[in-house]
Amino acid sequence: QVQLVESGGGLVQPGGSLRLSCAASGSIFSSNVMGWYRQAPGKQRELVAIITGDASTNYADSVKGRFTISRDNAKNTVYLQMGSLKPEDTAVYYCNALIGARLYWGQGTQVTVSS
């Protein structure tokens with residue numbers, strides 16, 4: 001059984017920063033690919049960033065240069081450092097983990113960028 005718990009969301013002004021955390025428990029290993037997705041109201045869930053077991057990363061074009069994904073394998077935690085936030089970054093952010101052929105999801109954390 002794998003559980004993912006996101007935290008760190010909230011309300012932030014445009015141009016501000018937030019750091020999201022995703023704490024994983026259960027049968028998860030440092031080699032597993034993990035990622036962050038987001039879903040804005042009325043829109044489909046979209047990829048934000050992923051990180052592989054060897055710390056290779058990939059980002060959506062819309063967040064390149066502003067967001068950084070990282071992982072601390074000792075803590076089974078993945079982070080998403082978000083900077084230069086824009087109103088269009090407003091969404092529920094979800095963490096996921098690919099273990100074998102199965103995707104596990106967290107419950108999501110709300111990020112609202114507004115003045």
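The values are calculated or read from the model by the stated rules, or taken from the named source; none is laboratory data. Quick caveat: nothing in here was measured; it's all calculated off a predicted structure. Methodologically, a virtual Cβ is constructed for each residue, glycine included, from the backbone with ideal geometry; neighbour enumeration extends over all protein chains shown. Surface accessibility is based on the protein's heavy atoms, side chains included, excluding ligands, DNA and RNA. Shrake-Rupley method; radii C 1.70, N 1.55, O 1.52, S 1.80 Å.
Data table
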{"read-out": "Candidate residues Leu18, Leu11: accessible-area rank, largest first, probe 1.4 Å", "value": "Leu11, Leu18"}
{"read-out": "Efficiency of FRET between Phe29 and Thr57 - r from beta-carbon atoms, R0 25 angstrom, step 0.05", "value": "0.90"}
{"read-out": "Rounded to the nearest 10 Å², the accessible area of Asp61 at probe 1.4 Å", "value": "120 Å²"}
{"read-out": "Surface/4 of the Cα convex hull for segment 56-115, nm²", "value": "5.2 nm²"}
{"read-out": "Calculated FRET value between Gln81 and Val2, using beta carbons and R₀ = 22 Å, to 0.05", "value": "0.40"}
{"read-out": "Using distinct alpha-carbon pairs, which all enter the 1/r mean, Kirkwood radius of the chain in Å", "value": "14.0 Å"}
